[in-house]
1. Please go through the range 46-72 and pick out each residue that is surrounded by 19 or more Cβ atoms within 10 Å (Cβ to Cβ) and at pLDDT below 95.
2. For the range 73-93, give me each residue that is of a type in the set (Ser, Thr, Tyr) and at pLDDT 95 or above.
3. Among (1) in contact with a Phe, Trp or Tyr (Cβ under 8 Å, 6 or more places away or on another chain); (2) closer than 23 Å to Met123 by Cβ, where does Gly70 come up short?
Amino acid sequence: MMSRVQKGMVAGLAATVAVSMLELGNLAIGSPVMAFPAFIAETLGLHDNLMVGWLVHLAIGVLVLGGGFGFLYAKLPTSTAATRGIVYAVGAFTVLLVGIFMVGDPRIFAGSDGFGTVGWMLMTHAIFGIVLGSVYGILMAREKRELRAMVGAAPAH
């Protein structure tokens, strides 16, 4: 049996992989909209080091957002796992933007692709949230079924 945080990290991995496929497509077509790993590298001052951007993207998606979702799942509003994931991910997006504008360099959103980058990041965060919540919900349902199958056991959630 996995803890809530472990389930969140598994769901975070699935969601990060899903969003990474979108980001790879964004990079492959040469879109003027900045991909999130490029945004991370730029924010860290490592302009041309996409590898660091990808590694930080993976770590944030799995450890921070995935683990945090598992920890906060029961306290999030709405009734379905997918909508809780969306609320959580859009909240994380909001924290990201506020953090950039308060302590980072908001000029990263300047230029012709500034609004496009913000829109792209909002959309990918929402998709991240849908996948995160859906996978987490599947893991919870599977665990409940397994617990019901055990004699004399009651579900933990």
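The values are calculated or read from the model by the stated rules, or taken from the named source; none is laboratory data. Worth saying up front: this structure is predicted, and the values here are computed from it rather than measured. Don't worry about glycine lacking a Cβ; one is built from the backbone with ideal geometry, like all the others, and counts go over all protein chains shown.
1. Taking the range 46-72 and keeping what is surrounded by 19 or more Cβ atoms within 10 Å (Cβ to Cβ), we get 53-54, 57, 61-62, 65-67, 69-70.
Within the range 46-72, Gly53, Trp54, His57 meet the criteria.
2. Of everything in the range 73-93, those that are of a type in the set (Ser, Thr, Tyr) and at pLDDT 95 or above turn out to be Tyr73, Thr80, Thr83, Tyr88.
3. (2)
One line per residue, one yes/no per condition, for (1) buried (at least 19 other Cβ atoms within 10 Å of the Cβ); (2) under 28 Å from Ser134 (Cα atoms); (3) polar (S, T, N, Q); (4) in contact (Cβ under 8 Å) with a residue 12 or more places away in the chain:
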{"position": "Ala11", "(1), (2), (3), (4)": "yes, yes, no, yes"}
{"position": "Thr16", "(1), (2), (3), (4)": "yes, yes, yes, yes"}
{"position": "Val19", "(1), (2), (3), (4)": "yes, yes, no, yes"}
{"position": "Leu24", "(1), (2), (3), (4)": "no, yes, no, no"}
{"position": "Ile29", "(1), (2), (3), (4)": "no, no, no, no"}
{"position": "Leu44", "(1), (2), (3), (4)": "no, no, no, yes"}
